[in-house]
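The values are calculated or read from the model by the stated rules, or taken from the named source; none is laboratory data. All of these numbers come straight from a predicted model, not from anything done at the bench. Virtual Cβ from ideal backbone geometry, glycine too; neighbours counted across all protein chains shown.
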Amino acid sequence: MNPELRELWVYLSTSPLLGLTLTLLAYQLAYAVYVKLGSHPLANPVAIAVALIVAILTFTGTPYAVYFEGAQFVHFLLGPATVALAVPLYAQWPRLKKLFGASMLALVTGSVVSVVSVWLIAEAFGASDQVLRSLAPKSVTSPIGMGISEKIGGLPSLTAVLIMLTGIVGAVIGPALLKTTGTQDDAIRGFAIGMSAHGIGTARAFQISETAGAFSALAMGLNGVITSIVVPVLVHGLA
Amino acid sequence: MLASLTLLLVFQLIGETVVQWLRLPVPGPVLGMLLLFAALVLRGEVPTALRDTANGLLQHLSLLFVPAGAGVMTHLGLLATAWLPITVAILLSTAVTLLVTAFVMRAAARQR
């Protein structure tokens, strides 16, 4: 970079404008790529946007903290967005009442299995305590998972990355894996995908059917609640 | 739009306050979501303005993960050293969670 350009960058990076604009531009570019590639689950827009931003920040020598001064305005919206999940959750209220017992049982079992299995496997392969704590809420939607991670002594930003990877894995292998079990009911298929792969899985479940998508969203919301109660207790026992 | 966004923030604020006050193991916005869900069940319908605002926020939910996700740049060293446990654990655990959830729900739904 030439000196004048560097001076301009230093000036701009002191204001939140740059981080905010960079976030929105990178996401929209990433989303365009995702659509261009036929919404392939591997072309996850979050992953592409993050890669773009990390590349730009690294190239310009901008610390993450400086970028976050601007990006925090987008980040802040995770709170109200989590509260807003109550609305699609409420839309499933009549169905939930019918499948209540089965859902609750699958919910609690799935949540415990997710946390315990990821902990034990990662521990067996030599992961550190901090990595284990960051991995524990891996199947939960990010706003909730990051909150859990923070509470139990993980790294919320690492958890966000691990959650993203989990979502991509679940969206890619989920439908194929369910086919091998012969599960016909879209409510159950959607619920299983939402339990293991949260929002990214939910987007994939909507491609199976409306019912699968709705139950995936339902599982995602409920899993967030149950896991935030279950994780601190389980981690206390596992650690 | 303004009123429903305020409503979401008020529920988040109530959630955060109660969590801090009672030292609950749940993130504040999650409790806010539960309280809003309960309020909607009691009311019996979702106000149109709230539905529009919620849809607007959730439509670009992925965008909201980007700032925190970019935090990966501060953990590249950690990821490089722990890539094996992370990769194996995420692959296997996600598959196991998916299968167990489906089996349990199928068996329980059949009981009825």
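Worth pointing out:
- Selection status of A:I168, facing chain B (nearest Cβ under 9 Å) and either in contact with a helix residue (DSSP H, G or I) (Cβ under 6 Å, 6 or more places away or on another chain) or part of a helix (DSSP H, G or I) (or both): no
- Residues of the range A:179-188 satisfying the condition of being closer than 21 Å to A:I226 by Cβ and within 7 Å of another protein chain (Cβ to nearest Cβ): A:I188
- Filter pass, A:T202 being free of Cβ contacts under 8 Å to residues at least 60 places away in the same chain and facing chain B (nearest Cβ under 7 Å): no
- Residue satisfying all of: in the range A:33-50; more than 9 Å from every other protein chain (Cβ to nearest Cβ) and of a type in the set (G, A, S); farthest from A:T166 (Cα to Cα) among these: A:G38
- Those helices (runs of 4 or more DSSP H) of the range B:1-93 in which 3 or more residues are of a type in the set (D, E, K, R) are absent.
- Wholly enclosed helices (runs of 4 or more DSSP H) of the range A:1-111 bearing at least 2 residues buried (at least 23 other Cβ atoms within 10 Å of the Cβ) and either out of contact with any helix residue (DSSP H, G or I) (no Cβ under 8 Å at 6 or more places or on another chain) or of a type outside the set (D, E) (or both): A:16-36, A:45-60, A:64-76, A:78-84, A:86-91
- Which listed residue, of A:L234, A:L158, is in a helix (DSSP H, G or I), more than 18 Å from the chain's Cα centre (by Cα) and modelled with pLDDT of 85 or more: A:L234
- Pairing residues of the range B:27-43 that are farther than 18 Å from A:L77 by Cβ and not assigned by TED's automatic domain parsing to the domain that holds B:V10 with residues that are of a type in the set (K, R) and not in a helix (DSSP H, G or I), at Cβ distances under 7 Å and at least 6 apart in sequence or on separate chains, gives no pairs at all.
- Of the residues contained in the range A:135-155, one or more are found to be surrounded by fewer than 23 Cβ atoms within 10 Å (Cβ to Cβ), within 18 Å of A:V50 (Cβ to Cβ), in contact with a helix residue (DSSP H, G or I) (Cβ under 8 Å, 6 or more places away or on another chain) and assigned by TED's automatic domain parsing to the domain that holds A:G213.
- A:S139 falls short on exactly one of the conditions (1) farther than 16 Å from B:A68 by Cβ; (2) in a helix (DSSP H, G or I), and that condition is (2).
- Sub-6 Å Cβ pairs linking a first residue in the range A:15-32 that is within 12 Å of chain B (Cβ to nearest Cβ) to a second residue that is of a type in the set (F, W, Y), at least 6 apart or interchain, are A:G19/A:Y67; A:L20/A:F73, ordered by first then second residue.
- Residue count for the range A:182-218, restricted to those that are more than 14 Å from the chain's Cα centre (by Cα) and part of a helix (DSSP H, G or I): 18.
- Scan the range A:140-166 for residues that are over 16 Å from B:V26 (Cα atoms) and out of contact with any Lys or Arg (no Cβ under 9 Å at 6 or more places or on another chain) and the total you get is 5.
- Test: residue in the range A:105-113 that is free of Cβ contacts under 8 Å to residues at least 60 places away in the same chain, at the interface with chain B (Cβ under 7 Å from one of its Cβ atoms) and more than 20 Å from B:M105 (Cβ to Cβ): no
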